[in-house]
Amino acid sequence: MAADIKAQSFEELQAQFHAWGEPAYRLTQVLDWLYVRRVTDWQEMTNLPKGLRDKLRGQFSLNCLELVRKQGSWDTTQKFLWRLKDHSLIESVLIPASPALYGEPSDRHTLCVSTQVGCAYGCKFCASGLEGWQRNLAAEEIVEQVLSVERWSAKAGDAGKAPLEKPSEGCGRLVSNLVIMGMGEPLANYDNLIMALRILNAPWGGGIGARKITISTSGLVPQIRKLADEPLQFRLAISLHGATDATRGKIMPVNRKYPLRELIAACEYYQQKNGRMLTFEYILIAGVNDGMDQVKPLGVLARRLNAKVNLIPYNKVEGLPWERPPEPAQESFFDALKKEKVIVTLRREKGHDIDAACGQLRLRTERELAGVQ
C-alpha cells in the first residue's frame with residue numbers, strides 16, 4: 001500500500017516534487033489543500049494540473065477517518081468514535097473552553113488524541129486496555145484525528161447547525177491545543193507519535209505550537225529520557241494516580257517495571273534538559289488513592305519536581321468496580337494538597353454524561369457489534 005501523504009515530512013515531499021520537476025509553489029498548494037482546507041480527495045485540489053494530481057494519486061494514499069458515532073455532552077464536550085481502514089475503532093475527545101473549578105481557565109479548544117488501538121499497560125481503572133492491545137496508530141492516523149474533527153465542525157456549520165466556534169486565536173485552527181491522552185500509551189508508539197506531532201506543529205502543517213501539545217505517559221522511563229532530548233519541547237504529563245509505590249502498584253502494573261524512584265529520576269532529567277513544568281495527572285478514585293495518607297507524599301513529589309497536580313474525579317467505567325469520591329471528599333483532598341504549597345487544580349468533570357473516559361465508547365460499540373453478529 002502506498003504511503004499516506006500526511007505521514008511525509010516537508011523534506012520528503014520537497015524531494016519528491018523536485019524529482020518530478022515540479023516548481024516549489026506546487027508543494028505549497030498541496031500542503032494548503034491538506035492542512036488548511038482539509039480535503040479528502042485528490043480531485044478537490046482544483047488549482048493543480050491533472051497530471052500532478054495523477055502523480056500524487058499514484059505515489060501516495062490519502063486516507064481519512066470514518067465517523068461511526070459522536071456523542072455530545074451537556075458541557076459541550078464532544079466524543080468521536082472513528083473507524084480506521086482496517087475497521088479498528090479509536091476515539092478522540094474535543095474539550096471546549098470553560099473555567100476550571102479551581103485555578104486558571106482551560107484552553108479554548110483542546111483535542112484529546114489516541115495513539116494506539118487498545119492498550120497493553122492494563123491500568124486497572126481504564127477502559128482502553130480491557131480488550132487488550134491491537135496495534136499502534138500510524139502517523140497519519142494521529143494527524144487525521146485533528147483534521148477529521150475540524151472537518152466535522154465545518155460541516156456542522158454548513159448544515160445549518162452551529163459549529164463549535166470560530167477557529168481559536170493564535171493558530172487559526174479550531175483545535176488550538178493537543179493532549180495526547182486518549183486510547184493507548186503514547187510513548188509506546190514513540191516514533192509514529194513524534195512524526196505526527198512534528199507535522200501538527202510545523203508551520204506548513206497543523207501550526208500548533210509545541211507548548212500547546214502535552215504528551216501523557218503512564219511512566220515509560222526510557223522514552224521519557226528520549227523525549228527530553230527532542231528539539232521540540234512538548235509538555236509532559238505523568239499519569240501518576242498514586243503517590244507511593246504501594247498505592248500506585250495496585251492500579252498501575254507499569255509501576256512494577258518502573259517504580260517511582262526511577263520515574264522521578266527520569267522526570268528530573270526531562271526538567272534539566274528543557275526546564276518545563278511537569279503535570280501530575282491524578283485521577284481520584286474512591287477508597288483507592290483519595291485518602292489523606294496520599295497527600296503528603298504527593299506534595300513531596302510535586303515540590304521536588306516543581307510539578308502542577310491536576311486532580312480529576314474518576315469517570316465511571318461500565319464493568320469496573322471503581323467509583324469517584326463524593327464532591328466533599330474531592331475538595332478536602334484539594335484543600336489538603338494546597339496546604340502542602342503545591343500548585344493544584346481540581347477540574348470540573350468533562351463528558352461524564354457521555355462516557356468520556358478513554359476507550360468507553362469504543363468498548364461499548366464493539367460489544368454491541370459482537371452481539372449483533
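The values are calculated or read from the model by the stated rules, or taken from the named source; none is laboratory data. Predicted model only: the values in this text are computed from it and were never measured. As a convention, Cβ positions derive from the backbone with ideal geometry for all residues, glycine included, and neighbour counts pool all protein chains shown. Accessible surface is based on the protein model in full, side chains and every heavy atom, while ligands, DNA and RNA are left aside. Shrake-Rupley method; radii C 1.70, N 1.55, O 1.52, S 1.80 Å.
The conditions of being at pLDDT 95 or above, open to solvent by 60 Å² or more (accessible area, probe 1.4 Å) and of a type in the set (Asp, Glu) are not met by Glu349.
Inspect all residues belonging to the range 142-158 and state whether any of them is open to solvent by less than 60 Å² (accessible area, probe 1.4 Å), in a loop (DSSP other than H, G, I, E, B) and at pLDDT 60 or above. Checked the range 142-158: no residue is open to solvent by less than 60 Å² (accessible area, probe 1.4 Å), in a loop (DSSP other than H, G, I, E, B) and at pLDDT 60 or above. In this structure, does Gly319 turn out to be open to solvent by 30 Å² or more (accessible area, probe 1.4 Å), touching a Leu at 6+ places or on another chain (Cβ under 8 Å) and farther than 24 Å from Ile224 by Cβ? Yes, satisfied. Quick check: anything in the range 289-312 aliphatic (A, V, I, L, M), open to solvent by less than 20 Å² (accessible area, probe 1.4 Å) and within 18 Å of Ala127 (Cα to Cα)? No, the range 289-312 contains no residue that is aliphatic (A, V, I, L, M), open to solvent by less than 20 Å² (accessible area, probe 1.4 Å) and within 18 Å of Ala127 (Cα to Cα).
Which is modelled with pLDDT under 90 and outside any loop (DSSP other than H, G, I, E, B), of Leu363, Leu311, Leu337, Leu298? Step by step, each of Leu363, Leu311, Leu337, Leu298 is checked, and only Leu363 is modelled with pLDDT under 90 and outside any loop (DSSP other than H, G, I, E, B). Of all residues in the range 244-263, which are part of a loop (DSSP other than H, G, I, E, B) and open to solvent by less than 20 Å² (accessible area, probe 1.4 Å)? Across the range 244-263, the qualifying residue is only Met252. Within the range 219-238, the residues that satisfy the criterion of being open to solvent by less than 10 Å² (accessible area, probe 1.4 Å) and in contact (Cβ under 8 Å) with a residue 40 or more places away in the chain are Gly219, Ile224, Leu227, Ala228, Leu236, Ala237, Ile238.
If you go through the range 203-214 one residue at a time, do you hit one that is open to solvent by 10 Å² or more (accessible area, probe 1.4 Å), out of contact with any Pro (no Cβ under 7 Å at 6 or more places or on another chain), within 21 Å of Leu34 (Cα to Cα) and of a type outside the set (Gly, Ala, Ser)? Scanning the range 203-214, I find at least one residue that is open to solvent by 10 Å² or more (accessible area, probe 1.4 Å), out of contact with any Pro (no Cβ under 7 Å at 6 or more places or on another chain), within 21 Å of Leu34 (Cα to Cα) and of a type outside the set (Gly, Ala, Ser), so the answer is yes.
Yes/no per residue for (1) in a helix (DSSP H, G or I); (2) modelled with pLDDT under 95; (3) hydroxyl-bearing (Ser, Thr, Tyr):
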{"residue": "Lys226", "(1), (2), (3)": "yes, no, no"}
{"residue": "Leu236", "(1), (2), (3)": "no, no, no"}
{"residue": "Gly242", "(1), (2), (3)": "no, no, no"}
{"residue": "Tyr270", "(1), (2), (3)": "yes, no, yes"}
{"residue": "Asp290", "(1), (2), (3)": "no, no, no"}
{"residue": "Gln294", "(1), (2), (3)": "yes, no, no"}
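Take the conditions of a type in the set (D, E, K, R), open to solvent by 50 Å² or more (accessible area, probe 1.4 Å) and either farther than 17 Å from Met277 by Cα or part of a helix (DSSP H, G or I) (or both) and apply them to Arg173. Does it pass? No: the conditions fail for Arg173.
Close Cβ contacts (under 9 Å, 6 or more residues apart or on different chains) running from residues in the range 26-47 that are at negative phi to residues that are surrounded by fewer than 13 Cβ atoms within 10 Å (Cβ to Cβ) and at pLDDT below 95 comprise Val36/Gly172. Against the list (1) in contact (Cβ under 8 Å) with a residue 60 or more places away in the chain; (2) part of a loop (DSSP other than H, G, I, E, B), the condition Ser216 fails is (2). When the range 180-202 is filtered for residues that are aliphatic (A, V, I, L, M), open to solvent by 30 Å² or more (accessible area, probe 1.4 Å) and either free of Cβ contacts under 8 Å to residues at least 40 places away in the same chain or in a loop (DSSP other than H, G, I, E, B) (or both), only Met181 remains. All conditions in (1) polar (S, T, N, Q); (2) touching a residue at least 60 places away in the same chain (Cβ under 8 Å); (3) surrounded by fewer than 16 Cβ atoms within 10 Å (Cβ to Cβ) hold for Gln272, with the sole exception of (2). Where helices (runs of 4 or more DSSP H) fall entirely within the range 1-98, none has at least 3 residues that are open to solvent by 30 Å² or more (accessible area, probe 1.4 Å) and among the acidic types (Asp, Glu).
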